[in-house]
Amino acid sequence: MSGVTRARRPERGGRFRRFLERISSSEEELRSADLRRDARSAGCTPISACADRQIVRVAGTLRTVTLRPRAGVPTLEAELFDGTASLDIVWLGRRAIAGVEPGRKMIVWGRTTLQHGRPVIFNPTYELRPFEEE
(Lines give C-alpha, C1' and ligand atoms only; values in the text may rest on other atoms or scores of the structure.)
Protein backbone atom coordinates (compact mmCIF):
# COMPACT_ATOMS: atom_id res chain seq x y z
CA MET A 1 0.00 0.00 0.00
CA SER A 2 2.46 2.56 -1.08
CA GLY A 3 1.17 6.03 -0.29
CA VAL A 4 -2.48 4.98 -0.21
CA THR A 5 -4.35 5.73 2.98
CA ARG A 6 -7.49 3.96 3.89
CA ALA A 7 -10.42 5.90 5.17
CA ARG A 8 -11.20 5.05 8.75
CA ARG A 9 -14.60 3.66 9.42
CA PRO A 10 -16.64 5.62 11.91
CA GLU A 11 -16.49 4.32 15.46
CA ARG A 12 -18.97 1.49 15.77
CA GLY A 13 -21.12 0.98 18.75
CA GLY A 14 -21.55 4.59 19.91
CA ARG A 15 -25.31 4.59 19.97
CA PHE A 16 -25.56 0.84 20.46
CA ARG A 17 -23.06 0.93 23.34
CA ARG A 18 -25.06 3.68 25.07
CA PHE A 19 -28.24 1.62 24.57
CA LEU A 20 -26.61 -1.45 26.14
CA GLU A 21 -25.29 0.60 29.05
CA ARG A 22 -28.74 2.04 29.60
CA ILE A 23 -30.57 -1.31 29.68
CA SER A 24 -27.91 -2.94 31.87
CA SER A 25 -27.78 -0.07 34.40
CA SER A 26 -29.70 -0.06 37.65
CA GLU A 27 -32.54 2.37 38.21
CA GLU A 28 -30.40 4.34 40.71
CA GLU A 29 -27.58 4.72 38.15
CA LEU A 30 -30.06 5.97 35.55
CA ARG A 31 -31.54 8.52 37.99
CA SER A 32 -28.04 9.68 38.92
CA ALA A 33 -27.16 10.16 35.25
CA ASP A 34 -30.37 12.16 34.72
CA LEU A 35 -29.60 14.35 37.75
CA ARG A 36 -26.05 15.01 36.49
CA ARG A 37 -27.43 15.95 33.08
CA ASP A 38 -30.06 18.27 34.63
CA ALA A 39 -27.46 20.01 36.82
CA ARG A 40 -25.11 20.46 33.87
CA SER A 41 -27.89 21.91 31.69
CA ALA A 42 -28.76 24.39 34.50
CA GLY A 43 -25.13 25.56 34.56
CA CYS A 44 -24.53 24.29 38.09
CA THR A 45 -21.38 23.01 39.78
CA PRO A 46 -21.33 19.28 40.56
CA ILE A 47 -21.49 18.73 44.31
CA SER A 48 -18.47 16.43 44.11
CA ALA A 49 -16.44 19.43 42.84
CA CYS A 50 -17.48 21.80 45.64
CA ALA A 51 -14.61 22.98 47.82
CA ASP A 52 -14.65 24.40 51.33
CA ARG A 53 -15.53 28.14 51.55
CA GLN A 54 -16.50 28.31 47.88
CA ILE A 55 -19.61 30.11 46.63
CA VAL A 56 -21.48 27.60 44.48
CA ARG A 57 -24.68 27.04 42.58
CA VAL A 58 -25.80 23.40 42.73
CA ALA A 59 -28.89 21.54 41.56
CA GLY A 60 -30.36 18.22 42.59
CA THR A 61 -33.18 16.38 44.29
CA LEU A 62 -33.93 16.46 48.01
CA ARG A 63 -33.50 13.01 49.53
CA THR A 64 -34.39 13.83 53.12
CA VAL A 65 -35.84 16.76 55.05
CA THR A 66 -35.68 16.76 58.86
CA LEU A 67 -36.37 19.14 61.73
CA ARG A 68 -33.39 19.07 64.09
CA PRO A 69 -32.67 21.59 66.86
CA ARG A 70 -29.15 23.09 67.06
CA ALA A 71 -28.24 24.78 70.35
CA GLY A 72 -31.92 25.15 71.19
CA VAL A 73 -32.77 26.78 67.86
CA PRO A 74 -35.05 24.92 65.44
CA THR A 75 -33.33 24.07 62.17
CA LEU A 76 -34.62 22.51 58.99
CA GLU A 77 -32.03 20.24 57.39
CA ALA A 78 -32.18 18.66 53.95
CA GLU A 79 -29.91 16.41 51.91
CA LEU A 80 -29.52 17.43 48.25
CA PHE A 81 -28.24 14.81 45.77
CA ASP A 82 -27.10 15.69 42.25
CA GLY A 83 -25.91 12.31 40.95
CA THR A 84 -22.28 12.89 41.95
CA ALA A 85 -22.50 13.46 45.73
CA SER A 86 -24.72 14.81 48.49
CA LEU A 87 -24.75 18.21 50.16
CA ASP A 88 -26.50 19.19 53.39
CA ILE A 89 -28.65 22.32 53.42
CA VAL A 90 -29.45 23.93 56.78
CA TRP A 91 -32.00 26.68 57.39
CA LEU A 92 -31.47 28.09 60.88
CA GLY A 93 -34.56 29.19 62.83
CA ARG A 94 -37.00 27.45 60.47
CA ARG A 95 -39.37 24.62 61.36
CA ALA A 96 -40.75 24.20 57.84
CA ILE A 97 -40.57 25.79 54.40
CA ALA A 98 -43.47 25.39 52.00
CA GLY A 99 -42.48 23.12 49.11
CA VAL A 100 -39.27 21.84 50.72
CA GLU A 101 -39.94 18.11 50.95
CA PRO A 102 -38.30 14.87 49.78
CA GLY A 103 -38.40 14.36 46.02
CA ARG A 104 -38.40 18.08 45.22
CA LYS A 105 -35.83 19.33 42.73
CA MET A 106 -33.97 22.48 43.76
CA ILE A 107 -31.28 24.86 42.65
CA VAL A 108 -29.31 26.21 45.63
CA TRP A 109 -26.81 29.12 45.88
CA GLY A 110 -24.52 29.74 48.81
CA ARG A 111 -21.12 29.32 50.44
CA THR A 112 -20.12 25.78 51.28
CA THR A 113 -18.46 24.70 54.47
CA LEU A 114 -17.29 21.25 55.49
CA GLN A 115 -18.75 19.65 58.60
CA HIS A 116 -17.66 16.12 59.47
CA GLY A 117 -16.29 15.77 55.92
CA ARG A 118 -19.60 16.67 54.21
CA PRO A 119 -20.32 19.90 52.34
CA VAL A 120 -22.98 22.08 53.98
CA ILE A 121 -24.68 25.34 52.95
CA PHE A 122 -26.36 27.39 55.68
CA ASN A 123 -29.40 29.59 54.88
CA PRO A 124 -29.03 29.34 51.09
CA THR A 125 -30.83 31.15 48.34
CA TYR A 126 -32.87 28.54 46.51
CA GLU A 127 -35.25 27.91 43.64
CA LEU A 128 -37.83 25.13 43.81
CA ARG A 129 -38.26 23.02 40.69
CA PRO A 130 -41.14 20.66 39.78
CA PHE A 131 -41.32 17.22 41.41
CA GLU A 132 -39.80 14.24 39.62
CA GLU A 133 -42.39 12.40 37.59
CA GLU A 134 -42.49 8.67 38.16
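Looking at THR75, THR64, can you tell me which residue is open to solvent by 60 Å² or more (accessible area, probe 1.4 Å), of a type in the set (Ser, Thr, Tyr) and either modelled with pLDDT of 90 or more or within 21 Å of PRO102 (Cβ to Cβ) (or both)?
When all the criteria are applied, what remains is THR64.
Which one is farthest from the chain's Cα centre (by Cα), of the residues in the stretch 86-134 that are at positive phi and open to solvent by 60 Å² or more (accessible area, probe 1.4 Å)?
Here the residue is HIS116.
Any residue in the stretch 25-46 that's on the phi > 0 side of the Ramachandran plot: show its pairings with residues that are open to solvent by less than 90 Å² (accessible area, probe 1.4 Å) and not β-branched (Val, Ile, Thr) at Cβ separation under 9 Å, as long as the two are six or more apart or on different chains.
Pairs found: GLY43/ARG57; GLY43/ALA59.
If CYS50 passes every condition in (1) at pLDDT below 95; (2) over 15 Å from ILE121 (Cα atoms) but one, which one does it miss?
Status for CYS50: all satisfied but (2).
Would you check which residues across the stretch 23-47 are at pLDDT 85 or above and of a type in the set (Ser, Thr, Tyr) and list them?
Scanning the stretch 23-47 gives a single hit, THR45.
Which one of these does ILE89 not meet: (1) under 19 Å from ASP38 (Cβ atoms); (2) at pLDDT below 95?
(2)
Would a scan of the stretch 5-22 turn up a residue that is out of contact with any Gly (no Cβ under 9 Å at 6 or more places or on another chain), modelled with pLDDT under 90, open to solvent by 50 Å² or more (accessible area, probe 1.4 Å) and under 24 Å from PRO130 (Cβ atoms)?
yes
The values are calculated or read from the model by the stated rules, or taken from the named source; none is laboratory data. The shown structure was predicted, so the numbers you read here are calculated from the model rather than taken from an experiment. No Cβ is skipped: glycine too gets one built from the backbone with ideal geometry, and neighbour counts run over all protein chains shown. SASA here: full protein model, heavy atoms, side chains in, ligands and nucleic acids out. Shrake-Rupley method; radii C 1.70, N 1.55, O 1.52, S 1.80 Å.
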